[in-house]
Each structure stands twice: as structure tokens, then as C-alpha cells.
Amino acid sequence: MAVYHGAVVLFHTDKPEKACKYADRLLKANSNSPDGLVIKGLREMSDGKEGKVKGSLHYFQSALEHSPAKRNIDAVFGKVHFLELHLGYEGAIILLKQLVVKFPTFSPPLVKKMKNQLALLDWDQATEKANRIIAMDPHCLEALKVKVLSLICRAGNYEEASMNLRHFMVRWRNLNLRTVNYLWTVLRYFHRCVGEMRLYLQKHTALLREPYNLIEMVLTT
């Protein structure tokens, strides 16, 4: 298990080749190691080459088949990500429904399901999932982000959007998630949709001055 977690850390810190070596160690000890197969699948999918991306599905499926009771969250998430890359959002939702039923108090499947429903422009379902996730985990930034987007783009409720965006910023600051990539993603989402409500939000929510200033900085560089 330590080898697997080491491989996961290496993979998510942009060291896929080293992660693959860890996976090879797992598969050398057991050619049907679900953990090793999952890491191999992630590596193939991240390669970017169409042939290898398609081949990754085989690893995830094999990991499921060789897991106890054929239950492996990481393998299912791998299959979900594969479907997302190929715009198979409906298929991804079907897989995620199974995880939600099996693990009702585990929020990541709900978060992924919410994102896939948003990709299908199913605002009602995406918003319902966002509210459900926030009830489980009030600090979930992804759910708060989707709720703000829904209030702006779907409901046009600027006042409530302003309040929820304030909650988002408070939680973002408290969690110290000040990484450049995450911040850029969040700013990009909000900058695309705020439009006419930008001045409204700036006027009524002093806490948002920092991200709006950062937007201006990004756009002028």
C-alpha cells in the first residue's frame, strides 16, 4: 500500500515516469495488482497520445475485475476521467451514480457527478448536487463555485450570488489554496460570467477586490 500511495503522490506531482516505476514494482510482485493497474492506466491516459489514452481503459477495467467484489474507487474514477476526455458525460454519470449509492457519505463522486451534469448544461441537477455537497461539506470550493455560477448564469440572482461568492472567498482564504493554477481557474470561470454584475459585486462585496484586481492583472499581462 505504501508503494501505491508513493506512486499516486509522484503522479500528481508531475513525475509520471517515476510513478510508473512504482507501478511496475507492484505488478512484478502481482501481475494482477489492482493498484499497479490503476497507476498504469493513469500514466497511459496522461500521455496524450490517442492510442495510449484508449489503452488506459483496459487497465482500469482489469483493476476492477481483480479487486475484491469488483469494487475499486480509483479504477472507477479512472474510467470516469476517460469518458470525460471523450465527452461521454452521460456514461460518466452512470458510473458515478453507482459510487454515490455505495458510498453515500463520500463527497468526491458527488462532486464529479455535479461537474458532469454541468457539462451537459443540466443546471437543475448540478445545482441540486452543489447544495447537497455543501450540506455534507460546507468547505467544498467546487460546490460553492458551481452554486455561484448557477445563481449568476441560470437564476440571475446577483444579490445571492454576491453572498455565496463571499462565502467562497472566505473558505478559499481559510484553506490557504493560493496556488497559481487553482486561482487562475477560478478567476477564469468568474470573469467569463460576471459581465454586468461585476460592478455590483465590487460595490457590495469588499472581500472580492483582491480577485478582481488579479483578473485585471492577468488580462493586462
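The values are calculated or read from the model by the stated rules, or taken from the named source; none is laboratory data. Just so it is clear, the structure is predicted and the values come from calculations on it, not from any experiment. All Cβ positions, even for glycine, are placed from backbone atoms using ideal geometry, and neighbour counts span all protein chains on display.
Count, please, the residues in segment 115-156 that happen to be among the polar types (S, T, N, Q) and surrounded by fewer than 20 Cβ atoms within 10 Å (Cβ to Cβ). The total comes to 2. On the given criteria, is Val101 β-branched (Val, Ile, Thr), surrounded by fewer than 20 Cβ atoms within 10 Å (Cβ to Cβ) and free of Cβ contacts under 8 Å to residues at least 24 places away in the same chain? Against the criterion (β-branched (Val, Ile, Thr), surrounded by fewer than 20 Cβ atoms within 10 Å (Cβ to Cβ) and free of Cβ contacts under 8 Å to residues at least 24 places away in the same chain), Val101 qualifies. Among the residues of segment 17-76, those that are within 22 Å of Pro108 (Cα to Cα) and part of a loop (DSSP other than H, G, I, E, B) comprise Ser67, Arg71, Asn72. In segment 46-59, the residues that are surrounded by 14 or more Cβ atoms within 10 Å (Cβ to Cβ) reach residues that are in a helix (DSSP H, G or I) and among the aromatic types (Phe, Trp, Tyr) with C-beta atoms within less than 7 angstrom, at least six apart or across chains, in these pairs: Ser56/Phe82; Leu57/Phe82. For segment 3-37, the set of residues classified as surrounded by 14 or more Cβ atoms within 10 Å (Cβ to Cβ) and under 18 Å from the mean Cα position of the chain (by Cα) consists of Val8, Phe11, listed by residue number.
Taking the conditions exactly as written (at pLDDT 95 or above and either in contact with a strand residue (DSSP E or B) (Cβ under 6 Å, 6 or more places away or on another chain) or aliphatic (A, V, I, L, M) (or both)), does Leu85 satisfy them or not? Here the answer is no, as Leu85 does not meet what is asked. Residue check: is Val80 in a helix (DSSP H, G or I), under 16 Å from the mean Cα position of the chain (by Cα) and in the same structural domain as Asp35 (by TED's automatic domain parsing)? Yes: the conditions hold for Val80. Among the conditions (1) over 23 Å from Ala119 (Cβ atoms); (2) modelled with pLDDT under 75; (3) β-branched (Val, Ile, Thr), the only one that Val186 does not satisfy is (1).
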